[in-house]
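Contents: one structure, followed by commentary.
The values are calculated or read from the model by the stated rules, or taken from the named source; none is laboratory data. Quick caveat: nothing in here was measured; it's all calculated off a predicted structure. Cβ atoms come from the backbone with ideal geometry, glycine included; neighbour counts cover every protein chain shown.
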């Protein structure tokens, strides 16, 4: 099947079914042979459907019609069409447009490479009738043409449409200003003038209407919505912005149009963040009798803030404030980074939100750390919601630096770097109030010369006392005994006495130290 149509054999199509295979062969495939083929298998055990999509690579079909001809005048017209339904399995790269006069048989190329589905054709002869053809082109060739109906080139001038928005302003006892907008349709000929008509009503009321004129005639008149009384109108200014805040993406343009009311016409001034607004090549104000417009080109972060509009006339004064929000990635978090708690394996720190949030809520913070001996930053958390975090699993004695990055829907800020900090307790074990001078006693047997054979082990026992516990150093022939070179030395201490080992360490990063007794690691305790 192809679509809903069950297929059979034709001159170019051959269908063969065997006990184990179903075969369909199409000779000299055409664009129309492309599409989805369906194989339906049935037996008493059920049904099975298999779909196969076939794309026939060929030059495209003709564009979809009709060719729409618009904008006809005495020497030009505009054509438009739709892409072909079948693109030949390859994207249509462009179109070829040709024309011929109905009085001739020769086709002339208007444009050999039209990349859109429309074309404005100029330099046509007024009074001649033309037929146009449009060809679609892909990598496999030029498709069949779509042909337009005959088109007569002539000037289609008509009378214009009516003027728009007729209104009055600056009404006084003996005068007023009549305003209107040009017609939306000029009739194909320039507007050469207007007719202003006045109808006197009872008393001091008047009604006006305006008619537009071109070379082909007059438009229908457009009248005021109602009669106007001539008198000096005065009322306080009023400012009516559509919104209290306006948003714009950074480096984009924004135009804020605000209606202004008041009689006589108010004087309008703008301030930003309490200071007079500075006009630049990017920022300017355009004011009319009824509106004031703020224009900002390529908005920058500094353009965001509170803008105050003030309208003043002889009757009074009105002020309104609007906010311009610049949408961008946020600024860096506010520092410095504060370390609230430091231990041997963790650091608790805090910071403040960015001063500039990018015009929207901060969604999360990214917290990173690095060992100060390297330049590589490692993520601690990429989706942290608060401005306080406890970083754990640190290495005792290692110096770290931390970086905080704010993120919103528009991107990531620059990082706020902390000062360096060492993972260790910020205090030392307090000293005892009791003081006792150091004392040491050695077995009398060691006060004499000791003689041993080479290769044998000897021990010198010394009882050490003192409060606080004194540091102990061994000297040999007035030279300090370096314990790191004698890891197997044995030191004896009297039961109930304190003992301290002071062993120098070197290395970057700081080595990890463990102390073991009988191959069992000793953990720190109160003793």
Worksheet item: Taking the stated definitions as given, is residue 354 in the same structural domain as residue 264 (by TED's automatic domain parsing), out of contact with any helix residue (DSSP H, G or I) (no Cβ under 9 Å at 6 or more places or on another chain) and part of a loop (DSSP other than H, G, I, E, B)?
Response: no
Worksheet, complete the sentence: Restricting segment 28-47 to residues that are within 30 Å of residue 144 (Cα to Cα) and in contact with a strand residue (DSSP E or B) (Cβ under 7 Å, 6 or more places away or on another chain), the one surrounded by the fewest Cβ atoms within 10 Å (Cβ to Cβ) turns out to be 36
Worksheet item: Here are some residues: 288, 182, 225, 211. Which one is more than 30 Å from residue 409 (Cα to Cα), modelled with pLDDT under 90 and not assigned by TED's automatic domain parsing to the domain that holds residue 316?
Response: 225
Response to the item:
Counting only residues in segment 361-379 that are part of a strand (DSSP E or B) and under 25 Å from the mean Cα position of the chain (by Cα), the one surrounded by the most Cβ atoms within 10 Å (Cβ to Cβ) is identified as 365
Discussion item. Just to verify a result, which residue in segment 51-88, among those that are touching a residue at least 60 places away in the same chain (Cβ under 8 Å) and not in a loop (DSSP other than H, G, I, E, B), is farthest from residue 6 (Cα to Cα)?
Written reply: 77
Discussion item. Which numbered condition in (1) over 30 Å from residue 101 (Cβ atoms); (2) out of contact with any strand residue (DSSP E or B) (no Cβ under 8 Å at 6 or more places or on another chain) is the only one that residue 194 fails?
Written reply: (2)
Worksheet item: If we scan segment 320-335, do we find a residue that is over 26 Å from residue 241 (Cβ atoms) and in a strand (DSSP E or B)?
Response: yes
Worksheet item: Would a scan of segment 405-420 turn up a residue that is in the same structural domain as residue 389 (by TED's automatic domain parsing), over 30 Å from residue 250 (Cα atoms), at pLDDT 90 or above and not in a loop (DSSP other than H, G, I, E, B)?
Response: no
Discussion item. For the structure I just gave you, tell me whether residue 91 is part of a loop (DSSP other than H, G, I, E, B), within 44 Å of the chain's Cα centre (by Cα) and under 30 Å from residue 190 (Cβ atoms).
Written reply: no
